[in-house]
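Down below is the structure, laid out as structure tokens.
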Amino acid sequence: MQRYNYVRGKRKEERGKFKILFFMSDLEVIRCLTISYLSSDNLKKKSKKMKWHTELSIVPISNSISYRHQIMAIGSCFTENMGQKLRNLKYRIDINPFGVQYNPASVAQGLDRLLSGKAFDESELFFHQGLWQSFAHHGSFSNIDKECCLLQINSQLETSHHCLFETDFLLLTLGTAWVYALPDNNMVVNNCHKMPASHFKRFRMSVEEVVAVLEKPLKQLLERKPNLNILLTVSPIRHLKDGFHENQLSKATLLLAIEILSERFTNCLYFPAYELLIDDLRDYRFYTSDLLHPNDSAIDYIWEKFEESCLNSSENTLRQEVKKIIQSANHRLLNPDSEESKLFLAAQLKKIAELEAKWPELKF
């Protein structure tokens, strides 16, 4: 049987290929060409890992959030998700002093009240379903006792009023442009408190109305705190009670308004929480059973993006140390009175003391 020889190319551009030295039969030529193709860059290009979603890249903000900063977070329940993660990592943060707020008008009213510090009085409460309630507050402030309700509202207001003027980062999350207003005075309510829809008039705010209502308190705030950083976001939670199409119009209104505010105020930046869930993850497996709210996996994914782009990268090691301490604190000791448990607790307390000495802002 006749044999034919071939050798591998030595030059850089010939590596992985074969040079034919002698005349070959058609079968041998096919075999050699196949070997050459399999070892070429063509196959490497075809074997690249497949992408299953369009990942959103976020440019890190220049003045990122540090443990030295005071933070205030106001807005929808998505604010609670992100705010709680910051609080768990021992950042100094005040979360929703009026409870969850969904629409821009309520957020603006809350900022106005925090700026003035004016206490609420009994005339601003109403009695419904056995509870004293406030249209400016979430149901978590409601109480069977009028004085207790008012005390809780004003105690939080006083604390947050002082906190606002120490705040370095203000996080505002808008949920919907649809609002409910009292027909007698056109006051937009923060929460309907399960009162009949007939008690309110419902309408969708325009882009211009959203901009106007938020611009006023933001301008006042920046006049008093010129170095304040404002991070705006649109909640990815879908408000389908408003309707599918209506929800899309609402989110588009908020996005356009935020774009205008970001152009008018250099201190205002946008974090794309909405796009991360709707366009990046883009799958029902990232929602809870109600198919409206992001599940833990989605929240963790958005948090990772937030951490990468908005938190100070020089404090990554510190955050990891804080996480380890928190994880250890959540660990249930089987034998708390044992010597090993006592040594473990002593070691954790020592780590906490060392971190607090180095970072006075940390409070475990």
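Name the single residue, out of those in region 72-91 being surrounded by fewer than 22 Cβ atoms within 10 Å (Cβ to Cβ) and within 19 Å of Leu111 (Cα to Cα), that is modelled with the highest pLDDT.
Top of the filtered list is Glu80.
Pairs, please: C-beta under 8 Å, at least 6 apart or cross-chain, first residue assigned by TED's automatic domain parsing to the domain that holds Phe306 and more than 21 Å from Ser314 (Cβ to Cβ) and in region 65-90, second assigned to a loop (DSSP other than H, G, I, E, B) and among the aromatic types (Phe, Trp, Tyr)?
Pairs found: Ile74/Phe98; Gly75/Tyr102; Ser76/Tyr102.
Mind telling me which of the residues Ser289, Ser206 ends up being surrounded by fewer than 20 Cβ atoms within 10 Å (Cβ to Cβ) and within 23 Å of the chain's Cα centre (by Cα)?
Ser289
Mind checking which residues of region 95-136 are surrounded by fewer than 20 Cβ atoms within 10 Å (Cβ to Cβ) and within 18 Å of Val210 (Cβ to Cβ)?
Within region 95-136, the first condition is being surrounded by fewer than 20 Cβ atoms within 10 Å (Cβ to Cβ), and the residues that meet it are 112-113, 115-124, 126-131.
Selection gives Asp112 alone.
Could we say that Arg92 is out of contact with any Leu (no Cβ under 6 Å at 6 or more places or on another chain), closer than 26 Å to Thr288 by Cα and of a type outside the set (A, V, I, L, M, F, W, C) here?
On the way: out of contact with any Leu (no Cβ under 6 Å at 6 or more places or on another chain): yes; closer than 26 Å to Thr288 by Cα: no; of a type outside the set (A, V, I, L, M, F, W, C): yes.
For Arg92, the condition - out of contact with any Leu (no Cβ under 6 Å at 6 or more places or on another chain), closer than 26 Å to Thr288 by Cα and of a type outside the set (A, V, I, L, M, F, W, C) - is not met.
Would you confirm whether any residue within region 292-309 is under 30 Å from Leu222 (Cα atoms) and among the polar types (S, T, N, Q)?
Yes, the conditions are met somewhere in region 292-309.
The values are calculated or read from the model by the stated rules, or taken from the named source; none is laboratory data. Predicted, not measured: the structure shown is a model, and the values here were computed from it. As a convention, Cβ positions derive from the backbone with ideal geometry for all residues, glycine included, and neighbour counts pool all protein chains shown.
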